[in-house]
Structures are given as structure tokens and as C-alpha cells.
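Asker: Below you will find the structure I want to go over with you.
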Amino acid sequence: MGDEDRAVIMVLGADRIGIVAGIAQALAEANANIVDLASTKMGDLFVMVLLADLSSSKEDLPSLKARLEARGRELGVQVAVYHYNIFKVMHRV
């Protein structure tokens, strides 16, 4: 898995049951693998950041992004998807 095969996924919204499961299911449906995950609650707010391996994915990044955003709408959360290389450049210090 190289950087070209990874995506950073950020999820933000009101905490509720099923957010992690719903996002994980959407990734599994695309045959994308979660390689790292961090989550926290800040009061009633749920925040999750995932690193996904897309090397075996059945979908390209724009299709996967659309799938995850749609699942986020179903779950009532915001989902942002970035190619790993773009994310690294955006957050370079």
C-alpha cells in the first residue's frame, strides 16, 4: 500500500448509535480497508478520522467519496474524503 492508494476520511456530527458501523459498512461495500481509525466525543459531538487502503477498492476515489457522503447524510453526519497525498500537502507545516 503506497500513499497513492490511501484516503483520509473525516466524520463529524451529533453522536448517535451506528455511525462507525455505517461508515465501515460503506467502505466494506467498496472493498476498501480501514487501516487506522481514531474517534472521540466532544460533548454531544462525535468526531472520527480514518485512514483507508483503497488498493483493492472496486471504486475510484470520486465514487467512494460520493458513497461515503451519501451514507453520511443517511446517518446525519458530515463526511469529508481526501486523497492521502492531498491531505498531507494541505496540512504541511
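The values are calculated or read from the model by the stated rules, or taken from the named source; none is laboratory data. Computed from a predicted structure; not experimentally measured. Positions of Cβ are backbone-derived with ideal geometry, glycine not excepted, and every protein chain shown enters the neighbour counts. Accessible surface areas use protein heavy atoms only, side chains included; no ligands, DNA or RNA. Shrake-Rupley method; radii C 1.70, N 1.55, O 1.52, S 1.80 Å.
Asker: Looking only at segment 70-89, filter to residues that are open to solvent by 60 Å² or more (accessible area, probe 1.4 Å) and touching a strand residue (DSSP E or B) at 6+ places or on another chain (Cβ under 7 Å); which one of those is modelled with the highest pLDDT?
Answerer: Among those that are open to solvent by 60 Å² or more (accessible area, probe 1.4 Å) and touching a strand residue (DSSP E or B) at 6+ places or on another chain (Cβ under 7 Å), it is 78.
Asker: Give the number of residues within segment 56-69 that are within 12 Å of residue 22 (Cα to Cα) and open to solvent by 40 Å² or more (accessible area, probe 1.4 Å).
Answerer: 2
Asker: What are the residues in segment 1-49 that are at pLDDT below 95, part of a strand (DSSP E or B) and more than 11 Å from the chain's Cα centre (by Cα), if any?
Answerer: 42
Asker: OK, next. Within segment 21-51, track down each residue that is in contact with a Phe, Trp or Tyr (Cβ under 9 Å, 6 or more places away or on another chain) and within 15 Å of residue 80 (Cα to Cα).
Answerer: To start, the set of residues in segment 21-51 that are in contact with a Phe, Trp or Tyr (Cβ under 9 Å, 6 or more places away or on another chain) comprises 39-40, 51.
If the condition is that a residue be in contact with a Phe, Trp or Tyr (Cβ under 9 Å, 6 or more places away or on another chain) and within 15 Å of residue 80 (Cα to Cα), then 39, 51 are the ones that fit.
Asker: I would also like to ask the following. Suppose we filter 44, 53, 36 for residues that are surrounded by 15 or more Cβ atoms within 10 Å (Cβ to Cβ) and charged (D, E, K, R); which single one remains? Give the steps one after another, and end with the answer.
Answerer: Working: 44 fails: surrounded by 15 or more Cβ atoms within 10 Å (Cβ to Cβ); 36 fails: surrounded by 15 or more Cβ atoms within 10 Å (Cβ to Cβ).
Selected residue: 53, the only one of 44, 53, 36 that is surrounded by 15 or more Cβ atoms within 10 Å (Cβ to Cβ) and charged (D, E, K, R).
Asker: Restricting to segment 53-87, what's the tally of residues that are in contact (Cβ under 8 Å) with a residue 60 or more places away in the chain and in a strand (DSSP E or B)?
Answerer: Kept after step one, since they are in contact (Cβ under 8 Å) with a residue 60 or more places away in the chain, are these residues of segment 53-87: 72, 75-85, 87.
Checking which are in a strand (DSSP E or B) leaves us with 77-83.
Final tally of qualifying residues: 7.
Asker: Residues being free of Cβ contacts under 8 Å to residues at least 60 places away in the same chain, open to solvent by 20 Å² or more (accessible area, probe 1.4 Å) and more than 17 Å from residue 58 (Cα to Cα): count how many of those fall in segment 3-31.
Answerer: Residues that pass the stated criteria total 5.
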